[in-house]
1. For Leu199, state whether it is part of a loop (DSSP other than H, G, I, E, B) and surrounded by 13 or more Cβ atoms within 10 Å (Cβ to Cβ).
2. Limited to the stretch 75-96, what total is found for residues that are over 17 Å from Pro118 (Cβ atoms) and in a helix (DSSP H, G or I)?
3. Have a look at Val131, Val209 and point out the one that is closer than 15 Å to Gly63 by Cβ, crowded, with 16+ Cβ neighbours inside 10 Å and touching a residue at least 24 places away in the same chain (Cβ under 8 Å).
4. Can you tell me which residue is surrounded by the most Cβ atoms within 10 Å (Cβ to Cβ) among those in the stretch 39-96 that are in contact with a helix residue (DSSP H, G or I) (Cβ under 9 Å, 6 or more places away or on another chain), among the charged types (D, E, K, R) and touching a residue at least 60 places away in the same chain (Cβ under 8 Å)?
5. Suppose the filter is in contact (Cβ under 8 Å) with a residue 24 or more places away in the chain and assigned by TED's automatic domain parsing to the domain that holds Val47; does Lys122 pass it?
6. If you go through the stretch 155-162 one residue at a time, do you hit one that is surrounded by 14 or more Cβ atoms within 10 Å (Cβ to Cβ) and over 21 Å from Tyr84 (Cα atoms)?
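The values are calculated or read from the model by the stated rules, or taken from the named source; none is laboratory data. Being a predicted model, the structure only gives us computed values, none of them experimental. Reconstructed Cβ throughout: ideal geometry from the backbone, glycine too, with neighbour counts over all protein chains shown.
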Amino acid sequence: MIQTKPIVRLLAALLFCAVGTFFAAAQADHSDYWERADNERQPPEQVMDALGFKPGMVIGEVGAGRGRYTVHLAARVGPTGKVYAEDINNGSLDYLRDRLKRAGISNTEVILGEVDDPLFPKESLDAVIMVLTYHHLARPIDLLRNLIPALKPGAIVAVLDPDAKKDPGMPESEYTSKSKIQQEARRAGFELVRTEDFLPKDNLFILRVKSIPS
């Protein structure tokens, strides 16, 4: 007599694993799709060229998330450079740590920051970059101020954010205007030294320390 219950349980287990694998693959494909789409919109190589990022530089990334830009920054600065990839979402950073390990990237340090402070090492950075991050900051002026101790003399802070005029219909909370970045940068002790507008839907604001805020 054939025992049907063990067979049914086995089939159910196999089906459960298959469904789980399918959804995991679908989620990965979904994530990869959006990453590719965002990189087409904001090509990392073009952005890094515009900012003058070179091998050997030390770069801090605020809001690194799952590492869409991190892996490109790490490749650009090379083994003689370093990337500090910061975020306040530990779940995203867990993914990033695993991503770096799988890719064999060893010149990147992951940092769990605070809402108003990325906690970068003092006097360590040639540049800081924020990609689709600035408009999410809860305390942007405080965060900019807390970047200053980590910057080397002459270092830049680059903000890549959507432009409402280039992408009509975008909610105000999803972009950063030139006037807003100028005002908040000035209050934090920075000045806007250059704006790059070559991207179809975004602007690249380049800041530099003007004076230490009192």
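1. Details: part of a loop (DSSP other than H, G, I, E, B): yes; surrounded by 13 or more Cβ atoms within 10 Å (Cβ to Cβ): yes.
In short, yes.
2. Initial filter on the stretch 75-96 (over 17 Å from Pro118 (Cβ atoms)): 75-81, 91, 94-95.
So of that shortlist, the ones also in a helix (DSSP H, G or I) come out as 75-77, 91, 94-95.
Result for the stretch 75-96: 6.
3. Numbers: Val209 fails: closer than 15 Å to Gly63 by Cβ.
The conditions single out Val131.
4. Out of the qualifying residues, it is Glu61.
5. Numbers: in contact (Cβ under 8 Å) with a residue 24 or more places away in the chain: yes; assigned by TED's automatic domain parsing to the domain that holds Val47: yes.
When the stated conditions are applied, Lys122 passes them.
6. Let us first name the residues in the stretch 155-162 that are surrounded by 14 or more Cβ atoms within 10 Å (Cβ to Cβ), namely 155-162.
So of that shortlist, the ones also over 21 Å from Tyr84 (Cα atoms) come out as 162.
There is at least one residue in the stretch 155-162 that is surrounded by 14 or more Cβ atoms within 10 Å (Cβ to Cβ) and over 21 Å from Tyr84 (Cα atoms).
Listed here are the residues, each with its yes/no results for (1) assigned by TED's automatic domain parsing to the domain that holds Lys82; (2) among the small types (Gly, Ala, Ser); (3) assigned to a helix (DSSP H, G or I).
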| site | (1), (2), (3) |
| --- | --- |
| Asp142 | yes, no, yes |
| Leu147 | yes, no, yes |
| Pro153 | yes, no, no |
| Val159 | yes, no, no |
| Asp167 | yes, no, no |
| Ser173 | yes, yes, yes |
